[in-house]
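The values are calculated or read from the model by the stated rules, or taken from the named source; none is laboratory data. Please read all numbers here as calculations on a predicted model, not as lab measurements. Heads up, the Cβs are rebuilt from the backbone with ideal geometry, glycines too, and the neighbour counts pull from every protein chain shown. Keep in mind that these areas ignore ligands, DNA and RNA; they rest on the heavy atoms of the full protein, side chains included. Shrake-Rupley method; radii C 1.70, N 1.55, O 1.52, S 1.80 Å.
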Amino acid sequence: MEKIEIRRMNKQDVSQAAVIEKENFSLPWTEESFLQALEKKENIYLTALEGEQVIGYIGMWTVLDEGEITQVSVKKDFQGRHIGRRLLETLEEEGKKEGVVSFFLEVRQSNAPAIHLYQNCGFSVQGIRKNFYENPREDGILMEKKTASLC
């Protein structure tokens, strides 16, 4: 098992990230969606690598002092190894450097492992977004974290 490196996502990572996206999401982003997100300087996208293999990624869009976490995804073979947590911690550090003080995300109501991770990292439930997700239709839980309590 190689050491896992977390760094900024680059264009060469996009095709592997898109494969993981398809593996984990019912309405996955395309490679083009990732490329467009990488073009915006206010966005922060990170990749977790084992050797040359992309094994996870996280993305956030920032506006002023707020960050909207768009995705946290880890390749199925690597889940349960705290890679999602490491991605989240690194994203928070990078966000703080950019002046982010509030982090927001939505998570499927049925995604208990993700909700558990976010709560352990200091996120709290702010509300429910009815029918936020499609395929299958499901409520989204809106969660927030202030940077005073990093993961």
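Scan region 12-38 for residues that are open to solvent by less than 10 Å² (accessible area, probe 1.4 Å) and either within 20 Å of residue 79 (Cβ to Cβ) or touching a residue at least 60 places away in the same chain (Cβ under 8 Å) (or both) and jot them down.
Residues satisfying the conditions are 13, 17, 18, 20, 21.
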Given (1) surrounded by fewer than 16 Cβ atoms within 10 Å (Cβ to Cβ); (2) more than 21 Å from residue 5 (Cβ to Cβ); (3) not aliphatic (A, V, I, L, M), residue 77 misses just (2)
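Please verify whether residue 20 is touching a helix residue (DSSP H, G or I) at 6+ places or on another chain (Cβ under 6 Å) and under 18 Å from residue 88 (Cα atoms), treating the condition exactly as stated. Talk me through it step by step, then tell me what you get.
Working: touching a helix residue (DSSP H, G or I) at 6+ places or on another chain (Cβ under 6 Å): no; under 18 Å from residue 88 (Cα atoms): yes.
So residue 20 fails the test.
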For residue 97, are the conditions met, namely being under 20 Å from residue 9 (Cβ atoms) and touching an Asp or Glu at 6+ places or on another chain (Cβ under 8 Å)?
no
Are there any pairs with C-beta distances below 7 angstrom linking a residue in region 39-53 that is surrounded by fewer than 17 Cβ atoms within 10 Å (Cβ to Cβ) to a residue that is of a type in the set (D, E, K, R) and modelled with pLDDT under 95, with the two at least 6 apart or on different chains, and if so which?
51/2
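Looking at residue 130, is it open to solvent by 10 Å² or more (accessible area, probe 1.4 Å), charged (D, E, K, R) and without any contact (Cβ under 8 Å) to a residue 40 or more places away in the chain? Write out each step before concluding.
Numbers: open to solvent by 10 Å² or more (accessible area, probe 1.4 Å): yes; charged (D, E, K, R): yes; without any contact (Cβ under 8 Å) to a residue 40 or more places away in the chain: yes.
So residue 130 passes the test.
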Tell me which residues, restricted to region 1-20, are touching a strand residue (DSSP E or B) at 6+ places or on another chain (Cβ under 7 Å) and modelled with pLDDT under 95.
2, 4
Mind checking which residues of region 1-11 are loosely packed, with under 13 Cβ neighbours inside 10 Å, more than 18 Å from residue 81 (Cβ to Cβ) and of a type outside the set (D, E, K, R)?
10
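Can you name every residue in region 86-117 that is open to solvent by less than 20 Å² (accessible area, probe 1.4 Å) and within 15 Å of residue 146 (Cα to Cα)? Steps first, answer last, please.
So the first thing to find is which residues in region 86-117 are open to solvent by less than 20 Å² (accessible area, probe 1.4 Å), and the list is 87-88, 91-92, 95, 100, 102-103, 105, 107, 114.
Within region 86-117, 88, 91, 92, 95, 100, 102, 103, 105 meet the criteria.
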Contact list please: Cβ distance under 9 Å, first residue in region 93-117 and under 19 Å from residue 44 (Cβ atoms), second residue polar (S, T, N, Q) and assigned to a strand (DSSP E or B), pairs at least six apart or on different chains.
95/62; 98/62; 99/62; 100/62; 104/126; 105/70
